[in-house]
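Here the structure is laid out as structure tokens; the discussion comes afterwards.
The values are calculated or read from the model by the stated rules, or taken from the named source; none is laboratory data. Note that the structure is predicted; figures quoted are calculated from it, not measured. Cβ atoms come from the backbone with ideal geometry, glycine included; neighbour counts cover every protein chain shown. To get the accessible areas, we keep the full protein, side chains included, count just its heavy atoms, and leave off ligands, DNA and RNA. Shrake-Rupley method; radii C 1.70, N 1.55, O 1.52, S 1.80 Å.
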Amino acid sequence: MNKIKINSNEHTKRNLIFITLLFLLFSSNILAVEITVERQSDLLHLLKHDCGSCHGMTLKGGLGPSLLPADLSAKPVSALQHIILEGVPETPMPPWKQMLTQSEVRWLVMQLQQGINDVDN
Amino acid sequence: MMLIIKYRHYAGLILLLLLQSCATMRGTGDLGVVIERASGHVTIVETTLGKKLARISGLGDLSHASIVYSRDERYAFVFGRDGGLTKIDILQGMIVKRVMQAGNSIGGAISQDGKLVAVSNYTPGGVNVFSSDTLELVAEIPAVYGDGKHSKVVGLVDAPGNRFVFSLYDAGQIWIADMKKSGEPKITRYKNIGKAPYDGLITGDGRYYIAGLFGEDGMALLDLWNTKAGVKRILDHYGRGEKKLPVYKMPHLEGWAVAGTNAFVPAVGGHTVLVLDMQDWKEADRIPVYGQPVFVMARPDGRQIWVNFAYPNNDTVQVIDVLSRKIIKTLKPGKAILHMEFTSKGEQVWISVRDDDRVDIYDTETLKQVSSMTADKPSGIFFAARAHRIGL
């Protein structure tokens, strides 16, 4: 029984290490998205005022579609990221990859899906 | 002695009358309205002394808001993005009436006779027409095309004959709504005018309506003196052979810059101002500029063209000399230049510098800044003299 217990403890330890490693791996992915507070504020400003010229300052849509959580939250992050980085051919949506990095766009997509509280920007 | 007393009496009375008239009576011809888009305010300004007179709040979402004026120049009609239509008394600095007339709007026009105000809507796609007096709805024009779909409406202008002309972005059509009988608009539809008309304008004489096309190189031209001739394509393939550049902000065509027989228009995507010969509607020249042009505006005398640009070049304004077609000045007024408005005879231009929260005033001869005022994220600037111009 004792042996088994030790074994199970070791198991738990291994599991913990594995989970920790997994977490680190995953969070390093998140860490890659780390954006300074200043840049976050710039990005939100860009979103509201420049993306807003087509999507509306409140993001409820204009010439371009609505960017509210109700319209975006069910869509895959990678697809939305692709749209922002590459644009949509045959539509006015331009590619932003020359101005924004992948992680900045990913961060923006996550903000959009959660909904952006009205930032005084 | 009696005489002197009497005289004094009169002097006092005259002074009193003068003071009173200063306080209560004035014209509105040198007034204007600055949109402060983020906070839903507008500021009423006086252009002779360059000062603010009043600030009005509670106008809703004013991103991309625009204004037309009643023909007595006393009332401004503000078209908000959220579908709000607000009538403002610029003399008293107050809202007269406000209606929410749609979910999502993009501007409007006032009829030739001044009695009707039309609003172009994205959602639901169409045009609503109101009495300019009461803001009561007098006509609805749903922009229905194909099998019952609604199109977003753009480029709505007034035209002689009490008509409104506008373009259907999703349908690729231009419509004329004849409002002589205001309750029952007579609609003429022009189909297949080109892909994705993004804005429209009417020449200052009210003759030509031109829609800019986003979906293809070229513009769609309708001669309102000869509507039977239909819509003609002009500047076809002007960008052919060049790699298409992405567009970071839709150009505007309002305030069609005409100088002599030439018109100056923004190229879609290109860092170029196109010069059009209005006799044959062919490209006469192209002027390389600093970025993608958003507004290309002629000084009222047509001697200079002022241009601002899309993100990320929106910190710059360039001035083109019409005779030489050369850039004579590159100005860096500040962060995010959104709009420019000339005083009625053009000695000054007012420039909104959104991200620096300022409106800067420039002398158009010296090309130097003469003064500045604070404003909360200013966007459009609209002076009352627009009241008497077709299409504005």
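The Cα-based radius of gyration and maximum Cα-Cα distance (Dmax) for the protein assembly as shown are 26.9, 128 Å. In this structure B:His271 has an accessible area near 80 Å², from a 1.4 Å probe over the protein heavy atoms. Scoring B:68-81, B:223-236 by mean Cβ neighbours within 10 Å over their residues and listing the highest first yields B:68-81, B:223-236.
Residues of region B:117-131 that bury at least 20 Å² of accessible area once all protein chains are present, compared with their chain alone (1.4 Å probe, heavy atoms only, ligands and nucleic acids left out), are B:Tyr122. For region A:81-110, a reduction of at least 30 Å² in accessible area between the chain on its own and the assembled protein chains (probe 1.4 Å) is found at A:Pro92, A:Pro94, A:Pro95, A:Trp96, A:Met99. The accessible-area ordering, largest first, of the residues A:Lys75, B:Lys87, B:Lys180 stands as B:Lys180, A:Lys75, B:Lys87, per a 1.4 angstrom probe.
Each residue, B:Ile328 and A:Asn15, gets one label point 7 Å from its Cα in the Cβ direction; the gap between the two is 8.0 nm. Solvent-accessible surface, computed for protein heavy atoms with a probe of 1.4 Å, shrinks by 10 Å² or more for the following residues of region B:56-76 when the other protein chains are added to the isolated chain: B:Asp61, B:Ser63, B:His64. Rg and Dmax of region B:221-315, both derived from C-alpha coordinates alone, stand at 13.8, 44 Å. The separation of region B:46-121 from region B:273-291, counted between C-alpha centres, amounts to 33 Å. Heavy-atom surface analysis with a 1.4 Å probe gives region B:152-300 a carbon and sulfur content of 47 percent of its accessible area.
Leaving ligands and nucleic acids aside, the A/B contact buries around 2000 square angstrom of accessible area in total at a 1.4 Å probe radius. Shown is the FRET efficiency for B:Ser57 and A:Gln40, computed with R0 = 41 Å from the Cβ-Cβ distance and rounded to the nearest 0.05: 0.90.
Using only alpha-carbon positions, what ratio does the radius of gyration of chain B give when scaled by 2.2 N^0.38 Å?
On the way: Rg = 22.0 Å, N = 392, 2.2 N^0.38 = 21.3 Å.
For chain B, the normalised Cα radius of gyration comes out at 1.04.
A 1.4 Å probe run over the protein chains yields, for the protein assembly as shown, 48 Å² of accessible area per residue, whole-number rounding. Structural descriptor for chain B: relative contact order 11 percent, calculated from alpha carbon pairs under 8 angstrom and at least 6 residues apart. The angle between the Cα long axis of helix B:2-24 and the main principal axis of chain B comes to about 20°, on a 0 to 90 degree scale.
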